[in-house]
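Visitor: I have a structure I would like to understand better, so I am pasting it below and will then ask my questions one at a time.
The values are calculated or read from the model by the stated rules, or taken from the named source; none is laboratory data. On a predicted model such as this, the values are computed, not experimentally measured, just so you know. Note that each Cβ is placed from the backbone with ideal geometry, even for glycine, and that neighbours are counted across all protein chains shown.
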Amino acid sequence: MKFYKIKNENIVCFLRDELSKLFEVAKKIELLQEIKKQNFSFDDLRADYTKMKKVADTVGERGAQHRDEHEIFASLFIFLDFYEVNSEVCFELRDKFNINKDRINTIEDLNKFRKSESDSDFIIKSRDGLRKFQLKRYRGDLNTQKIFNFIKEKIAHYGNNLGDTNLLIVLQSPAYTISQINFHELHDKIKSLNLKFQGQILISYNENNKEMVINQIYPALTTTRIPVQYPSTKLNTKEFAAKEQNQL
């Protein structure tokens, strides 16, 4: 864990293993609490897989609905994989954070000290600099016009100018939904807004549980794909998944 001051903002940065350990400890505690709440014994769980699945699903669903936890999970287990192996996940800290007194030893500590009024939900620090991301979850229909309307609304919320922050849209529609998104058309619609900010607009989604995809739709139109790896296989993984970037 390292602390930096960038443009008068305090940020904390974690290597993958450092943040993974904090997340893993938090999940183990939650799992134990849920097992107790469900009144299961460890013998129950060993004898009946469905009970263990019920506990895991409950904890997982709770975390997915928690904004702060979702942002940490997404930055660590999804988007960090798109960068070289020694890249770090960073978060802006509240002005009141005192590096000489305050400590970040748990996920709860991190959320307590994270800056709530910030134009970035997380930052990726790699060899070529910092990339700030504002993450928005999209749960609507997967068609071009509705996603365009969603993006237009989110950009307007920031006065049509996110500065150098990247707007990252994560598609979270039901698995059975058939995508009708035309990314070429969406790219043209976004360009017609004549936006001035320096960041990118990105759309991320899981494709058939085989690949994680990030499509850049502004200012250029590109796609990047990496193989899906589940969190349970990543916690101790140090290999960087090979990535491929091509024009759409």
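Visitor: Only one of (1) in a helix (DSSP H, G or I); (2) outside the structural domain of residue 23 (by TED's automatic domain parsing); (3) of a type outside the set (D, E, K, R) fails for residue 111. Which number is that?
Guide: Only one criterion in (1) in a helix (DSSP H, G or I); (2) outside the structural domain of residue 23 (by TED's automatic domain parsing); (3) of a type outside the set (D, E, K, R) is unmet by residue 111, namely (2).
Visitor: Something else now. Which condition number in (1) closer than 27 Å to residue 68 by Cβ; (2) surrounded by fewer than 16 Cβ atoms within 10 Å (Cβ to Cβ); (3) over 16 Å from the mean Cα position of the chain (by Cα); (4) not hydrophobic (A, V, I, L, M, F, W, C) is the one that residue 199 fails?
Guide: Of everything listed in (1) closer than 27 Å to residue 68 by Cβ; (2) surrounded by fewer than 16 Cβ atoms within 10 Å (Cβ to Cβ); (3) over 16 Å from the mean Cα position of the chain (by Cα); (4) not hydrophobic (A, V, I, L, M, F, W, C), residue 199 misses just condition (2).
Visitor: Yes or no: residue 137 in contact with a strand residue (DSSP E or B) (Cβ under 8 Å, 6 or more places away or on another chain), among the charged types (D, E, K, R) and surrounded by 17 or more Cβ atoms within 10 Å (Cβ to Cβ)? Write out each step before concluding.
Guide: Working: in contact with a strand residue (DSSP E or B) (Cβ under 8 Å, 6 or more places away or on another chain): yes; among the charged types (D, E, K, R): yes; surrounded by 17 or more Cβ atoms within 10 Å (Cβ to Cβ): no.
No.
Visitor: I would also like to ask the following. Give the residue, chosen from 30, 84, 61, that is more than 27 Å from residue 99 (Cα to Cα), exposed (fewer than 13 other Cβ atoms within 10 Å of the Cβ) and at pLDDT below 80. Steps first, answer last, please.
Guide: On the way: 30 fails: exposed (fewer than 13 other Cβ atoms within 10 Å of the Cβ); 84 fails: at pLDDT below 80.
Among 30, 84, 61, only 61 is more than 27 Å from residue 99 (Cα to Cα), exposed (fewer than 13 other Cβ atoms within 10 Å of the Cβ) and at pLDDT below 80.
Visitor: Hey, any hits in the stretch 101-108 for a residue that's part of a helix (DSSP H, G or I) and among the basic types (Lys, Arg)?
Guide: No, the stretch 101-108 contains no residue that is part of a helix (DSSP H, G or I) and among the basic types (Lys, Arg).
Visitor: Being free of Cβ contacts under 8 Å to residues at least 24 places away in the same chain and more than 20 Å from the chain's Cα centre (by Cα) is the filter here, so list the residues in the stretch 129-158 that pass it.
Guide: 145, 146, 149, 153, 156, 157
Visitor: May I pose another question? Of (1) more than 20 Å from residue 70 (Cβ to Cβ); (2) part of a loop (DSSP other than H, G, I, E, B), residue 173 satisfies all except one. Which?
Guide: Tallying (1) more than 20 Å from residue 70 (Cβ to Cβ); (2) part of a loop (DSSP other than H, G, I, E, B), residue 173 fails exactly one: (1).
Visitor: Could I ask something else about it? Looking at 162, 193, which is the one that is modelled with pLDDT under 95, crowded, with 16+ Cβ neighbours inside 10 Å and closer than 30 Å to residue 117 by Cβ?
Guide: Going through 162, 193 in turn, just one is modelled with pLDDT under 95, crowded, with 16+ Cβ neighbours inside 10 Å and closer than 30 Å to residue 117 by Cβ: 162.
Visitor: On the basis of being free of Cβ contacts under 8 Å to residues at least 40 places away in the same chain, closer than 24 Å to residue 120 by Cβ, of a type outside the set (A, V, I, L, M, F, W, C) and surrounded by fewer than 19 Cβ atoms within 10 Å (Cβ to Cβ), does residue 18 make the cut?
Guide: Yes.
Visitor: Consider residue 147 against the criteria (1) touching a helix residue (DSSP H, G or I) at 6+ places or on another chain (Cβ under 8 Å); (2) part of a strand (DSSP E or B); (3) crowded, with 20+ Cβ neighbours inside 10 Å: it satisfies all of them except one. Which criterion is unmet?
Guide: (2)
Visitor: What tally of residues in the stretch 98-117 results from selecting those that are crowded, with 18+ Cβ neighbours inside 10 Å and closer than 18 Å to residue 6 by Cα?
Guide: 2
Visitor: Looking at 105, 111, 100 in this structure, which one is within 30 Å of residue 23 (Cα to Cα) and under 20 Å from the mean Cα position of the chain (by Cα)?
Guide: The conditions single out 111.
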